[in-house]
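Each remark here refers to the structure printed beneath this line.
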Amino acid sequence: MRFALTTAGLATVTLAGTATGASVNFTHDIDRWAGEHSWQIHAGSMSGSIVASQYVSGSLYYAPGSIVSITAFTSYPSTSSHWGTVNGTIDLAAGTYYVAMQDAYGDGWAWNSFVGGLSIGSGSGTVSASSASFSFTVVPAPGAMALLGLAGLAARRRRRD
């Protein structure tokens, strides 16, 4: 979002990207059978478009064609039932999102005593069989809302003059 004062003295606001959204943190704890994990974020509902997705192949963590930014990856010793933890951010517009999670083998995101999980924003879940889901909501950042309000006031004043 860009804010500028024009030569006429009126405030203007230019919105770019997801100015009315937020960067949402995610954490994915993965069991030793990492290649069985995958998840997708759908806009609105299960039938909504996929805005981010993830899967693991071998020892690599993939987020193909999505807006996911991985900020940290921690791998654990091969003696652990916990394969790794991936942390990152996803830039999402304001709204409700549906997360679909899968385990390709069908035995859940668990190995020995470790149970993996996924947290995105205010929602979280784990897979105990072949699939599970949860929803979460993204609210606009307070600063973005303040600038949008200011733009509305400027536009209103412009119409009166």
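Computed from the coordinates by the stated procedures, all read-outs in this text should not be read as laboratory data. Every value quoted in this text rests on a predicted model; they were computed, and no experiment measured them. So basically every Cβ, Gly included, is an ideal-geometry build from the backbone, and we count neighbours across all protein chains shown.
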Task: Selection count, region 44-54, where residues are touching a residue at least 40 places away in the same chain (Cβ under 8 Å) and part of a loop (DSSP other than H, G, I, E, B) - done: 4
Open item on the list: Anything in region 80-119 that is among the charged types (D, E, K, R) and either free of Cβ contacts under 8 Å to residues at least 40 places away in the same chain or surrounded by fewer than 16 Cβ atoms within 10 Å (Cβ to Cβ) (or both)? List them, or say none.
Closed with: ASP107
Open item on the list: So for region 88-99 (the condition being in contact with a helix residue (DSSP H, G or I) (Cβ under 9 Å, 6 or more places away or on another chain) and closer than 18 Å to SER57 by Cβ), does at least one residue qualify?
Closed with: no
